[in-house]
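A short write-up of the structure that comes next.
The values are calculated or read from the model by the stated rules, or taken from the named source; none is laboratory data. Keep in mind the model is a prediction, meaning the values are calculated, not measured. Note that each Cβ is placed from the backbone with ideal geometry, even for glycine, and that neighbours are counted across all protein chains shown.
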Amino acid sequence: MELKIYEDIIDSLLDPIYILDSEGNFLFANQAIIDITGYTKNDFMNFNSKQLYTDGIIDKCLYLEVLEEKKSKTVIQYITKKDNLIKKLLVTQSPIFDGKGNVKNIVGHLRDIDKINRLYQDTLTDNEVYVMKHNDIDKVKKASGNIISKSSQMKKLLMEAEKIAAYDTTVLLQGESGTGKEVIANYIHEMSPRKEKEMVSINCASLPETLLEAELFGYVKGSFTGALDTGKEGLIEIAEGGTLFLDEINSLPLATQGKFLRILETKMVKRVGSVRPKYIDFKLIAATNSNLKNLVDENKFRKDLYYRLNVIPINIPPLRERKEDIIPLADYFIEYYCNKYGREKKFSAKVYDKLIEYEWPGNIRELKNFVERIILMSSNSVLEIEDTPFALDEFITSSPVLNAESYEYFNLNEIEGKKLKDAVELFEKFLIGRVYKKEKSSRKTANQLGVNQSTIIRKINKSNK
């Protein structure tokens with residue numbers, strides 16, 4: 001009876017509390033930890049701390065350290081909740097000893113980093129940082145598959161993604177390279193009724209045109225030279241019951257677009273060399289970093305396929321338009337790479353200012369690569385701009401600078417007698433220079449000319465050589 005009273009008291013606490021035995025098995029979990037993780041009491045009673053680490057549900061097995069060192073330990077820990085969102089928590093574990101000085105139990109206490117971090121003091125809703133879990137084909141979590149969101153734009157996007165996840169409608173993700181389209185696709189899949197099945201990801205640009213249909217649709221034995229004697233199941237077939245994610249769908253050849261449109265409408269797939277179609281049940285999520293409507297106008301993408309894909313369009317904003325996410329993203333990558341490479345680093349306020357100032361044309365992918373580079377290359381624990389072994393100001397530069405030239409008019413005599421390619425390059429240089437001289441910004445120049453900022457920077461740098 002007395003024990004039940006103590007359990008009721010712990011159960012009423014707002015902070016998550018749990019108790020382990022000496023083998024790492026859960027003996028007790030209060031209501032707060034159930035609320036924050038989504039797992040039930042029965043789930044916890046079947047959990048073992050070592051197994052949770054092995055399964056990737058927690059990223060550190062603090063229990064083993066406390067058991068060995070016989071003292072309280074506190075770490076920052078990432079915990080995968082039942083809904084596949086990853087939560088960043090401050091975890092303290094304290095040992096309880098028997099009469100012989102052996103650890104018989106361990107008490108765990110969790111605290112929400114978002115609640116105690118001064119960066120996020122407005123409200124719990126505004127301040128919570130979500131880390132989306134991404135699985136590759138082997139279900140292995142990778143840092144490049146994580147996206148962190150604090151901005152209102154991304155929170156709204158995730159709410160929309162969660163709403164449409166319940167329905168088997170086609171989703172079209174649009175956004176620049178590096179914005180996390182595959183991560184959002186995986187999030188939609190994990191929130192959908194199909195989450196127990198596989199999400200098959202296909203980068204349409206990575207498959208040679210000669211092999212594309214065989215890989216997508218599969219083939220029967222003897223259908224072409226080099227075909228396996230057993231035939232091969234297509235990637236669309238593998239997505240049976242799950243989700244098919246087609247990245248860079250704008251790279252599909254026109255002929256393949258027509259065949260895929262038919263599959264999308266009927267869900268009937270016919271392997272190359274076969275006369276027997278097979279029904280495949282899949283949810284389609286497509287992604288593109290190009291403007292499909294413009295490609296339709298240029299006759300480079302089928303209009304009927306475009307309208308079939310554009311049922312639920314989701315536009316993922318570039319990092320420069322959600323600068324609130326830059327610091328949480330940088331902090332996440334710093335911690336990840338410090339853990340990976342066994343280092344202790346942090347950025348100074350000046351470096352953070354530079355990160356926010358920069359427009360990140362490569363988006364999250366560029367930020368991730370930058371953080372990894374500076375963690376590996378730097379020697380000091382607090383990273384100042386001048387302490388870095390390479391010129392940070394050269395790595396992070398607001399815009400390229402044009403050489404002094406007049407861009408008032410284009411001299412047709414310059415292209416007389418030149419080959420078409422050279423003439424086009426000269427006019428392109430003139431056009432970019434004219435717009436840039438007026439806008440004074442590579443981003444604005446790119447927006448006006450309808451191309452990526454990285455393209456403008458590359459071409460201006462090339463013309464300056």
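Of all the listed residues (Asn363, Asn369, Asn294), the sole one being of a type outside the set (Gly, Ala, Ser), out of contact with any strand residue (DSSP E or B) (no Cβ under 9 Å at 6 or more places or on another chain) and at positive phi is Asn363.
Within the range 356-375, residues that are more than 18 Å from Asn339 (Cβ to Cβ) and acidic (Asp, Glu) sit with their Cβ atoms under 6 Å from residues that are part of a helix (DSSP H, G or I) and at pLDDT 85 or above, at 6+ positions apart or across chains, in these pairs: Glu359/Arg320.
In this structure, is Val296 loosely packed, with under 15 Cβ neighbours inside 10 Å and either touching a Leu at 6+ places or on another chain (Cβ under 7 Å) or modelled with pLDDT of 90 or more (or both)? Walk me through it before giving the result.
Numbers: loosely packed, with under 15 Cβ neighbours inside 10 Å: no; either touching a Leu at 6+ places or on another chain (Cβ under 7 Å) or modelled with pLDDT of 90 or more (or both): yes.
Against the criterion (loosely packed, with under 15 Cβ neighbours inside 10 Å and either touching a Leu at 6+ places or on another chain (Cβ under 7 Å) or modelled with pLDDT of 90 or more (or both)), Val296 does not qualify.
For every residue, the table says whether it meets (1) more than 17 Å from Thr169 (Cα to Cα); (2) more than 20 Å from the chain's Cα centre (by Cα); (3) of a type in the set (Phe, Trp, Tyr).
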position: Asn289; (1), (2), (3): yes, no, no
position: Asp304; (1), (2), (3): no, yes, no
position: Asn310; (1), (2), (3): no, yes, no
position: Ile316; (1), (2), (3): yes, no, no
position: Arg320; (1), (2), (3): yes, no, no
position: Ile334; (1), (2), (3): yes, no, no
position: Asn339; (1), (2), (3): yes, no, no
position: Lys346; (1), (2), (3): yes, yes, no
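The set of residues in the range 27-43 that are surrounded by 12 or more Cβ atoms within 10 Å (Cβ to Cβ), polar (S, T, N, Q) and either assigned to a helix (DSSP H, G or I) or under 29 Å from the mean Cα position of the chain (by Cα) (or both) comprises Gln31, Thr37, Thr40. Taken over the range 424-437, the criterion of being at pLDDT below 80 and over 12 Å from Ile460 (Cβ atoms) is satisfied by no residue.
Taking every residue in the range 148-175 that is in contact (Cβ under 8 Å) with a residue 12 or more places away in the chain and of a type in the set (A, V, I, L, M) and pairing it with any residue that is assigned to a loop (DSSP other than H, G, I, E, B) and exposed (fewer than 15 other Cβ atoms within 10 Å of the Cβ), at least 6 positions away or on another chain, the pairs with Cβ-Cβ distances below 9 Å are Ala165/Pro193; Ala166/Pro193; Val171/Val311; Leu172/Val311.
When the range 236-265 is filtered for residues that are farther than 16 Å from Glu215 by Cβ and either free of Cβ contacts under 8 Å to residues at least 12 places away in the same chain or among the basic types (Lys, Arg) (or both), only Arg262 remains. State all residues of the range 371-388 that are of a type outside the set (A, V, I, L, M) and modelled with pLDDT under 85; if no residue qualifies, say none. The answer is Arg373, Ser378, Ser379, Asn380, Ser381, Glu384, Glu386, Asp387, Thr388.
Output the number of residues of the range 244-263 satisfying the condition of being part of a loop (DSSP other than H, G, I, E, B) and buried (at least 17 other Cβ atoms within 10 Å of the Cβ). It would help to see each step written out before you state the result.
Within the range 244-263, the first condition is being part of a loop (DSSP other than H, G, I, E, B), and the residues that meet it are 248, 252-253.
Those still in the list that are buried (at least 17 other Cβ atoms within 10 Å of the Cβ) too: 248, 252.
Looking only at that region, the number is 2.
Of the set (1) in contact with a helix residue (DSSP H, G or I) (Cβ under 9 Å, 6 or more places away or on another chain); (2) at pLDDT 85 or above, all apply to Val351 but (2).
When the residues of the range 44-68 are filtered to those that are of a type in the set (Val, Ile, Thr) and free of Cβ contacts under 8 Å to residues at least 24 places away in the same chain, the one that is surrounded by the most Cβ atoms within 10 Å (Cβ to Cβ) is Ile58. Taken over the range 171-187, the residue count meeting the criterion of being surrounded by 18 or more Cβ atoms within 10 Å (Cβ to Cβ) and part of a loop (DSSP other than H, G, I, E, B) is 5.
Which one of Lys50, Lys71 is at pLDDT 90 or above and assigned to a loop (DSSP other than H, G, I, E, B)? Just one listed residue meets the conditions, Lys71.
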